[in-house]
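One structure is given below, encoded as structure tokens.
The values are calculated or read from the model by the stated rules, or taken from the named source; none is laboratory data. Note that the structure is predicted; figures quoted are calculated from it, not measured. Here the Cβ positions follow ideal geometry from the backbone for every residue, glycine too, while neighbour counts run over all protein chains shown. When the accessible area is computed, the model is the full protein with side chains, heavy atoms only, and any ligands, DNA or RNA have been set aside. Shrake-Rupley method; radii C 1.70, N 1.55, O 1.52, S 1.80 Å.
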Amino acid sequence: MTDTTRFMDSALEEARKAAARGEVPIGAVVVLDGRIVAAAGNRTRELNDITAHAEIEAIRQAAASVGTERLTGADLYVTLEPCTMCAAAISFARIRRLYYGAEDPKGGGVDSGVRFYASPTCHHVPDVYSGLAEREAADILRDFFAGKR
């Protein structure tokens with residue numbers, strides 16, 4: 001198993017935990033120097049906080065863990081294409097690489113929708129790698145919403 005697979009597996013586990021809490025099942029992990037420094041799933045309902053997306057929660061944890069608001073050299077693994085809010089936070093945190101699983105044609109802000117990183121007002125653009133564990137990430141979301149219907 002490669003490190004990339006291992007890190008995405010950890011993000012998928014965070015998505016499953018979010019689903020078990022009744023949250024939209026999205027998970028994220030921040031990796032720095034080859035180790036996970038933060039892991040989170042969505043907590044918007046639990047915290048009554050619309051900004052408590054998995055990516056934001058993981059970035060907050062990682063920044064607290066390393067003691068700085070900039071996460072230069074860190075990589076973020078997330079199960080779904082980040083929305084525009086999360087794409088901006090990733091940029092502001094100076095995340096080096098973004099790996100994501102499933103695309104989000106309706107709400108994504110990286111390769112779908114507004115394509116935040118292509119905006120001239122975007123100050124930092126991470127390297128972006130999509131499609132990592134795409135099927136499994138999409139299945140977790142599909143199963144969650146099928147159970148809600």
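Here is how the numbers come out for the structure above:
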{"read-out": "Value of relative contact order over segment 1-148, rounded to a whole percent, pairs C-alpha under 8 Å and six or more apart", "value": "20"}
{"read-out": "Axial C-alpha extent at least 24 Å, average Kyte-Doolittle at least -1.0 - helices from the chain (DSSP)", "value": "3-20"}
{"read-out": "Area of THR4 that stays accessible when all protein chains are in place (1.4 Å probe, Å², to 10)", "value": "40"}
{"read-out": "Nearest-10 value in Å² for the accessible area of PHE92, using the 1.4 Å probe", "value": "120"}
{"read-out": "Segment 1-87 - percent of accessible surface contributed by carbon and sulfur, probe 1.4 Å", "value": "50"}
{"read-out": "Lys, Arg +1 and Asp, Glu -1 on Cβ, resulting dipole of the chain about Cα centre, debye, nearest 20", "value": "240"}
{"read-out": "Burial order of peptide ranges 80-86, 65-71, 131-137 (average beta-carbon count within 10 Å, highest first)", "value": "80-86, 131-137, 65-71"}
